[in-house]
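No value in this document is a laboratory result; all are computed from the given coordinates. Values in this document were obtained by computation on a predicted structure and should not be read as measured data. Positions of Cβ are backbone-derived with ideal geometry, glycine not excepted, and every protein chain shown enters the neighbour counts.
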Amino acid sequence: MTKRRRRRPEQIVKLLQEGDAMLTAGRMLGEVLQKLEVKESTWQRWKKQFGGMKSDEAKRLKELEVENRRLKELLAESELDKRILKEALEGNY
C-alpha cells in the first residue's frame, strides 16, 4: 500500500499540466497515471476541480474555500447566540 500524499493546489495544477502534455505526446493514460503516481479517480477529480487553472488561481481558490468555511462557522455561532438570547428574553430557559 502506498503512502497517501497531500498535495497543494499549485502542485496539482503542475501535475495536471505535465499529464496533459504527456497525453498530447501520445502516451496512454495508464502510463501517465503511473508516472505521476496517482489513481484514475484522483486524476478525474483533479481535472474536474482544477482543470484549466493556473497555479496562482488554484492557490487563491483554496484560500477562498478556507475563508468561506471560517465565515460559515462564525455565522453559525452568531445565529446560535441570537437564539439563546431570544429564548432567555422570552423566559423559556
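Here are the numbers for the structure shown:
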| quantity | calculated |
| --- | --- |
| Among Lys59, Lys47, Lys39, residue whose mean-square fluctuation peaks in a GNM of the chain (springs only between Cα atoms under 10 Å) | Lys39 |
| Proximal lysines relative to Lys82, as straight alpha-carbon distance under 20 Å, when same-chain residues fewer than 8 apart are discounted | Lys72 |
| Rounded if a/c under 1.5, otherwise prolate or oblate - the chain, Cα gyration tensor axes | prolate |
| Crossing angle, helix 55-90 versus the chain [Cα axis fit, 0-90 degrees, rounded to tens] | 20 degrees |
| Prolate/oblate/rounded label for segment 1-51 (Cα gyration tensor, a/c 1.5) | oblate |
| Signed unit charges on C-beta, dipole axis of the chain, positive-most listed residue Leu64, Gln44, Gly19 | Gly19 |
| Computed magnitude of the charge dipole of the chain (debye, nearest 20; Cβ of K, R +1, Cβ of D, E -1) | 500 debye |
